[in-house]
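The values are calculated or read from the model by the stated rules, or taken from the named source; none is laboratory data. A quick note: this is a predicted structure, and the numbers were derived from the prediction, not measured. All Cβ positions, even for glycine, are placed from backbone atoms using ideal geometry, and neighbour counts span all protein chains on display. What goes into the accessible areas is simple: the full protein's heavy atoms, side chains included, and nothing from ligands, DNA or RNA. Shrake-Rupley method; radii C 1.70, N 1.55, O 1.52, S 1.80 Å.
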Amino acid sequence: MENKKHSFVKGALILTIAGMISKILGAIYRIPLGQIITSEGLAYHQTAYDLYILMLTFSSYSIPTAISKLVSERLEEGRRDEAHKIFRVAMGLLASIGIILSVTLFFNAEAFSKAFKNPGSYFAVLAVSPAIFTVSISGAFRGYFQGMQNMTPSATSQVTEQISRVLVGFLLAYLLLPFGYMASAAGAIFGTTIGGLVSFLTLYIIYNKDKRRIKVELLDFKGRKTESALSIIKRIVKFSLPIMIGGSIMPIMNLLDTFIVMDRLQAAGFNQITATKLFGQLKGMATSFVNVPQVFTISLAASLVPAISESMVRKDLESVRRKSQLALKMSLLLGLPAAMGLFILAGPIMQMFYPNETESLGIALRYVSPAVIFLTLVQTMTGILQGMGRERIPVINMVIGASIKAVVSYVLTSMPALNINGAALGTVLGYGAASVLNYRALVKYQKRGLNIISISAKPVIATIAMTVSAHFGYKLSYGFIGRNSIATLMGILLAVVVYGIVIVLIKGITEEELDSAPGGKKLSKFLRKKGLI
């Protein structure tokens, strides 16, 4: 039992590290990409990517999880023959779904791009459509390996996929730039297709090395009756359908947001190209910075699920509350300074990374930056609620938040004075509403308030000190040096140093809190040695 637990923890750690690497690469990928294809190209890229993600939801989002579960069950029963048959049937199912979706998207690329008011995304949609097939069949391998509690192949393929996607995307975007932003955006997103192919080849090579051993093992089961293919498909569909429906909500909302923003910008009097550029500035550039902090809160949320579940099994609500309070404080310690840093230095940051873009880009980042606070809180509270066995609540609250976002964006984006900033406000209010609803659910099911003032007081104090230092650090540096990039970096460096010092001085996280966090005892021991706590 101990070995199995160790194997599970080791596997989870491998996947978490690989996921972190992939997410960090994905989060920062668009920042330099925007320097190549500009806001216009990023708008084409974003529309195609949102379509791609929606299609993947129907193929490789939930089915690999079902494969993993069924394979694990059969291996536990000692039926390796049935485990392998589940893999083969699932591979056929995913290959069929993947090819249908790829072909559908490819031959209807023009209709899709026009439907979402962004006809310039046509070539990008064409370029990304083959990726659905390769990523889908990769999902069958991942589910099979994970069912055997072998996480290394999945982790390896995630990293090779992301690296090849970034390298090929950059190269093709640069080479195709002379042919225009539509072609360059298509080249950039074709990196996703190559990444999917590399992921599949990585998994196939790993599988092929074990193929002979698998065949030998299956000889022991020759002649034994196995479950029918139709029965396996039914069980896969039954398990994955609810997850698929829940997972499709955000991709659908993202595409709806694309339609609303492009339509309302044109209703406000902007022509197609200007509307496209404004959309690219918000969704492709400003939002890329907003998404960086969530890479870390996603990992926090993942670690919360088993930690909270363990306390729930013991019916120890006091422990659940303590862990929830610590998680929310850690979320605020990350989200608050990130949001205020982006807010106070929005213009300088955007000018440093995108010197050729208009001033409206910095304004868009300033409007959308508060969303970082609510986004990190939403993810953390989702992990807590999932650990408490209330998985549906965050999904319902996210639908309500997305609906509010859609209504606000529709109304405000059509106002010429606000234009794209109306959509940014919609994003902030949408995540804000989901945060409030999730918090109310936590209070209801934990049967007591979480003392939000105590949780937020120290992060707020440290963030105020950081924000002031960032503002004056930039102003003074720019006054002396006169160069925006150096002044921005100096302002950020000073802000980070001041924030760290204040957190240590006011004991932002106590030793007791750190010890109770997953992996916190080792970290607190290290910090004590350094004299930081």
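Summary table below
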{"read-out": "Normalised contact order of the chain, rounded percent, pairs of Cα under 8 Å and 6 or more residues apart", "value": "16"}
{"read-out": "Gain in span if fully extended, residue 476 to residue 274, counting 0.36 nm per residue against the direct Cα distance", "value": "69.2 nm"}
{"read-out": "Of every Cα-Cα pair in the stretch 330-397, the percent that sits beyond 16 Å", "value": "56"}
{"read-out": "Estimated D of the stretch 75-192 in µm² per second, where Rh is the Kirkwood radius over Cα pairs and Stokes-Einstein applies at 37 °C, 0.692 mPa s", "value": "204"}
{"read-out": "Shape category assigned to the chain from the gyration tensor of Cα positions, a/c cut at 1.5", "value": "oblate"}
{"read-out": "Carbon/sulfur fraction of accessible area - the chain, other protein chains in place, 1.4 Å, %", "value": "67"}
{"read-out": "Solvent accessible area, Å² - residue 390, 1.4 Å probe, full protein context", "value": "90"}
{"read-out": "Linear extension gain, residue 358 paired with residue 28, 0.36 nm per residue minus alpha-carbon span", "value": "116.7 nm"}
{"read-out": "Per residue solvent-accessible surface (Å²) - the stretch 149-290, probe of 1.4 Å", "value": "49"}
{"read-out": "Hz values of 3J(HN,Hα) by residue in the stretch 396-412 - Karplus curve (6.51, -1.76, 1.60), Gly and Pro given as x", "value": "4, 5, 5, 5, 4, x, 5, 5, 4, 4, 5, 5, 4, 4, 4, 6, 7"}
{"read-out": "Rg followed by Dmax, in Å, when the stretch 156-203 is reduced to its Cα trace", "value": "11.2, 36"}
{"read-out": "Cα-based Rg of the stretch 329-481 normalised by 2.2 N^0.38 Å, two decimals", "value": "1.19"}
{"read-out": "Relative contact order of the stretch 138-255, defined on C-alpha pairs under 8 angstrom at six or more residues apart (%)", "value": "24"}
{"read-out": "Net length gained if the chain between residue 493 and residue 460 were fully extended (0.36 nm per residue, minus Cα distance)", "value": "10.0 nm"}
{"read-out": "Per-residue HN-Hα couplings for the stretch 338-349 [Karplus 6.51, -1.76, 1.60; θ = phi - 60°; Hz; x = Gly/Pro]", "value": "5, 5, 6, x, 5, 5, 6, 10, 4, x, x, 5"}
{"read-out": "Cβ-based net charge around residue 358, under 15 Å, with every Lys or Arg adding one and every Asp or Glu removing one", "value": "-1"}
{"read-out": "Value at 222 nm in deg cm²/dmol, rounded to 500, when DSSP H runs of n ≥ 4 in the chain each add -39,500 (n - 2.57)", "value": "-28500 deg cm²/dmol"}
{"read-out": "Hz values of 3J(HN,Hα) by residue in the stretch 51-66 - Karplus curve (6.51, -1.76, 1.60), Gly and Pro given as x", "value": "5, 4, 5, 4, 4, 5, 4, 8, 10, 9, 7, 10, 4, x, 5, 5"}
{"read-out": "Cα-based shape type of the stretch 230-353, given that a ≥ b ≥ c are square roots of the gyration tensor eigenvalues and the cut on a/c is 1.5", "value": "oblate"}
{"read-out": "Hull volume in cubic angstrom per residue (convex hull over the Cα atoms of the stretch 63-103)", "value": "38"}
